[in-house]
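Visitor: Sharing a structure with you now.
The values are calculated or read from the model by the stated rules, or taken from the named source; none is laboratory data. If you're wondering where the values come from, they're calculated on a predicted model, not measured in any experiment. Cβ coordinates were reconstructed from backbone atoms using ideal geometry, including for glycine residues, and neighbour counts include every protein chain displayed.
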Amino acid sequence: MTPPLQLGILLSGRGSNMQAIHQSITKGKLHAQIKIILSDQPQAGGLAYAKTHGLAHQSIPKIKGESLEDYEKKLLQVLQKAQVDTIVLAGFMRLLSPYFLKHYPDRVLNIHPSLLPNFPGLAAQKQALEAGASESGCTVHFVDEGCDTGPIIDQRRVSVLSTDTVESLSERILKEEHVLYSQVLEKLAQGKIQKKGKQVLVKD
Ligand code: GRF
């Protein structure tokens, strides 16, 4: 049995993906421990959940005028102190720099609510609707210095219905996100995901 992943989860908002990951761990479906939950937004719903459930958490807002590197140093200090080995971005609304990423090579993952490389960036569900896409979904990928450009690990698809609004499509995609993130993390825990350069190999 491989050792459990030591997760550091970064979020900016409600944290439903973080909650789904936490529940997978609690149910014994994901071999991981949440070492710390960090938010750049002190009011994030995800922090309130962490508090209620006794999970280590901290808010680290970026101070006006502070350089990105100085800000990331603060994040890294807390993550390293918590002995995190895998970083999970779960609605963290900031780009991480190469400086940050070199501290966790191939160990930073993100989830995005579209079938990347389609519709990167903000409002992905709205982009899909406006483009008239017949399907969309979600993607978990390794993070690189770009915005939603890193090597794709896995995706789940949903049909776009003619009656869909941004809200209804987002809700259906979110359900799939909650399944996908834990599945991918469990495969990572089992050593079934290998990354060579930009190539990702996922074993069943
Ligand atoms: C999700 O749709 C995720 O794909 C995107 O941000 C949203 C975060 O939602 N990166 P939540 O905070 O996990 O509920």
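Visitor: Pull out all pairs, ordered by first then second residue, where Cβ-Cβ is under 9 Å, the residues are six or more apart or on different chains, the first lies in segment 135-147 and is more than 16 Å from residue 172 (Cα to Cα) and charged (D, E, K, R), and the second is surrounded by fewer than 23 Cβ atoms within 10 Å (Cβ to Cβ) and at pLDDT below 95.
Guide: Close Cβ pairs satisfying both conditions: 144/198.
Visitor: Taking the residues in segment 21-37 that are of a type outside the set (A, V, I, L, M) and not in a loop (DSSP other than H, G, I, E, B) as candidates, determine which candidate is surrounded by the most Cβ atoms within 10 Å (Cβ to Cβ).
Guide: Only one residue fits best here, namely 22.
Visitor: While we're looking at this one, here's another question. Restricting the first residue to segment 38-53 and requiring it to be touching a residue at least 24 places away in the same chain (Cβ under 8 Å), which pairs with a second residue that is crowded, with 21+ Cβ neighbours inside 10 Å and hydroxyl-bearing (Ser, Thr, Tyr) meet a Cβ separation below 7 Å and a spacing of at least six or different chains?
Guide: Within 7 Å, the pairs are 46/39; 47/39.
Visitor: Looking at 111, 34, 60, which one is among the aliphatic types (A, V, I, L, M) and within 13 Å of the ligand (Cβ to nearest atom)? If you could, list the steps in order and put the result at the bottom.
Guide: Details: 34 fails: within 13 Å of the ligand (Cβ to nearest atom); 60 fails: within 13 Å of the ligand (Cβ to nearest atom).
Answer to the check: 111.
Visitor: Working carefully through the options 192, 175, find the one that is surrounded by 12 or more Cβ atoms within 10 Å (Cβ to Cβ) and either within 22 Å of residue 106 (Cα to Cα) or of a type in the set (A, V, I, L, M) (or both). Give the derivation first.
Guide: Values: 175 fails: either within 22 Å of residue 106 (Cα to Cα) or of a type in the set (A, V, I, L, M) (or both).
Going through 192, 175 in turn, the sole match is 192.
Visitor: Also, quick follow-up: Pairs, please: C-beta under 9 Å, at least 6 apart or cross-chain, first residue of a type in the set (A, V, I, L, M) and in segment 190-204, second part of a loop (DSSP other than H, G, I, E, B)?
Guide: The qualifying pairs are 193/203; 200/151; 201/192; 202/192.
Visitor: Residues to consider are 106, 85, 40; find the one that is surrounded by 14 or more Cβ atoms within 10 Å (Cβ to Cβ), within 16 Å of the ligand (Cβ to nearest atom) and acidic (Asp, Glu). Walk me through it before giving the result.
Guide: Working: 106 fails: within 16 Å of the ligand (Cβ to nearest atom); 85 fails: within 16 Å of the ligand (Cβ to nearest atom).
Testing whether each residue is surrounded by 14 or more Cβ atoms within 10 Å (Cβ to Cβ), within 16 Å of the ligand (Cβ to nearest atom) and acidic (Asp, Glu) leaves just 40.
Visitor: If you don't mind, another one. Being of a type in the set (Gly, Ala, Ser) and over 23 Å from residue 19 (Cα atoms) is the requirement here; does residue 123 meet it? Steps first, please.
Guide: Numbers: of a type in the set (Gly, Ala, Ser): yes; over 23 Å from residue 19 (Cα atoms): no.
So residue 123 fails the test.
Visitor: OK, next. Here's a check for you: in segment 141-159, which residue that is among the aliphatic types (A, V, I, L, M) and out of contact with any Lys or Arg (no Cβ under 9 Å at 6 or more places or on another chain) is nearest to the ligand (Cβ to nearest atom)?
Guide: Residues of segment 141-159 that are among the aliphatic types (A, V, I, L, M), as a first pass: 143, 152-153, 158.
Right, trim to out of contact with any Lys or Arg (no Cβ under 9 Å at 6 or more places or on another chain) and you get 143, 152.
Details: 143: 11, 152: 14 Å.
The qualifying residue nearest to the ligand (Cβ to nearest atom) is 143.
Visitor: Consider only pairs whose beta carbons are under 7 Å apart and that are at least six residues apart or on different chains; among these, list those whose first residue lies in segment 14-36 and is at positive phi and whose second residue is assigned to a helix (DSSP H, G or I).
Guide: 15/45; 15/46; 15/49
Visitor: Within the set of pairs 6+ apart or on separate chains, which have a first residue in segment 87-104 that is under 19 Å from residue 41 (Cα atoms), a second that is loosely packed, with under 14 Cβ neighbours inside 10 Å and aliphatic (A, V, I, L, M), and C-beta atoms under 9 Å apart?
Guide: 93/122
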